[in-house]
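S.K.: I'd like to ask some things about the structure below.
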């Protein structure tokens, strides 16, 4: 993947006109939309479900990157999320008892399957799953809360997963989620990742349309 993809995170957005919001998003340089699904158990907060995703899907041609911060997501839940329009569903290694089985289920529903890795998890713990994934999401903050600072120790983990992919001739995409801001976005992109998830840095001043295009240019310099 030559160009880095910027994925605005919906959890940070404030909109009173969903149709107008999605129209502006479609006209920006965003190619992915990052959608967090939280269950109030794996993380303390609750967020979007399949109905919201289905509504967004009817108004968007963007690639829907759904991040499941959910304890042991059921087949029923995964099927509903997939059918609502998710192009990619990432589950948390820390939240699933049967990771490979869950990844296979996601693919059986027609979505790509991703694995999200929290800051406390070492890559050595997830190596057996990486041949079965389409995407790896490195969490550079503790999952569940918007607006946190990027954890510096994430840099080594990003470098490790980029090297692992190359050394093992694998082709999953690599995303980074958490604490990406104007001061570090270009550096993070230079580490070899493919997808940069950004939330509060894009949406905080209400000029998200211009911010998306500006950040897209920044990470692709």
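The values are calculated or read from the model by the stated rules, or taken from the named source; none is laboratory data. Since we're looking at a predicted model, the values are computed, not measured. All Cβ positions, glycine included, derive from the backbone under ideal geometry; neighbour counts span all protein chains shown.
S.K.: Take the residues in the range 173-207 that are more than 18 Å from the chain's Cα centre (by Cα) and closer than 16 Å to residue 12 by Cβ; name whichever of them is surrounded by the most Cβ atoms within 10 Å (Cβ to Cβ).
M.R.: Checking each candidate, the answer is 204.
Conditions (1) at pLDDT below 95; (2) surrounded by 15 or more Cβ atoms within 10 Å (Cβ to Cβ); (3) part of a loop (DSSP other than H, G, I, E, B), marked per residue:
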{"residue": "157", "(1), (2), (3)": "no, yes, no"}
{"residue": "162", "(1), (2), (3)": "no, yes, no"}
{"residue": "171", "(1), (2), (3)": "no, no, yes"}
{"residue": "212", "(1), (2), (3)": "yes, yes, no"}
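S.K.: Another question, if that's okay. What residue, among those in the range 60-71 that are assigned to a loop (DSSP other than H, G, I, E, B) and modelled with pLDDT under 90, is nearest to residue 136 (Cα to Cα)?
M.R.: Ranking the qualifying residues of the range 60-71, first place goes to 70.
S.K.: I'm checking my understanding of the structure. Among residues of the range 26-39 that are farther than 15 Å from residue 88 by Cβ and free of Cβ contacts under 8 Å to residues at least 60 places away in the same chain, which one is farthest from the chain's Cα centre (by Cα)?
M.R.: It comes out as 26.
S.K.: Here's a follow-up. Which condition from (1) part of a loop (DSSP other than H, G, I, E, B); (2) under 26 Å from residue 199 (Cβ atoms) is the one that residue 136 breaks?
M.R.: Residue 136 satisfies every listed condition except (1).
S.K.: Moving on. May I ask you to say which residue of 23, 36 is within 25 Å of residue 173 (Cβ to Cβ), at pLDDT 85 or above and outside any loop (DSSP other than H, G, I, E, B)? I'd like the intermediate steps shown before the answer.
M.R.: On the way: 23 fails: within 25 Å of residue 173 (Cβ to Cβ).
Going through 23, 36 in turn, just one is within 25 Å of residue 173 (Cβ to Cβ), at pLDDT 85 or above and outside any loop (DSSP other than H, G, I, E, B): 36.
S.K.: On to the next question. Test of understanding: among 101, 61, which residue is over 22 Å from residue 150 (Cα atoms) and without any contact (Cβ under 8 Å) to a residue 24 or more places away in the chain?
M.R.: Working: 61 fails: without any contact (Cβ under 8 Å) to a residue 24 or more places away in the chain.
It is 101.
S.K.: Which condition breaks for residue 48 when tested against (1) modelled with pLDDT under 85; (2) surrounded by 16 or more Cβ atoms within 10 Å (Cβ to Cβ); (3) in a helix (DSSP H, G or I)?
M.R.: (3)
S.K.: Looking at 114, 144, can you tell me which residue is out of contact with any helix residue (DSSP H, G or I) (no Cβ under 6 Å at 6 or more places or on another chain) and at pLDDT 95 or above?
M.R.: None of the other options fit; the residue is 114.
S.K.: Against the condition surrounded by fewer than 22 Cβ atoms within 10 Å (Cβ to Cβ), touching a residue at least 40 places away in the same chain (Cβ under 8 Å) and more than 17 Å from residue 65 (Cβ to Cβ), how does residue 130 come out, does it pass?
M.R.: It is true that residue 130 is surrounded by fewer than 22 Cβ atoms within 10 Å (Cβ to Cβ), touching a residue at least 40 places away in the same chain (Cβ under 8 Å) and more than 17 Å from residue 65 (Cβ to Cβ).
S.K.: In the range 1-20, what residues are surrounded by fewer than 16 Cβ atoms within 10 Å (Cβ to Cβ), in a helix (DSSP H, G or I) and in contact (Cβ under 8 Å) with a residue 24 or more places away in the chain?
M.R.: 18, 19
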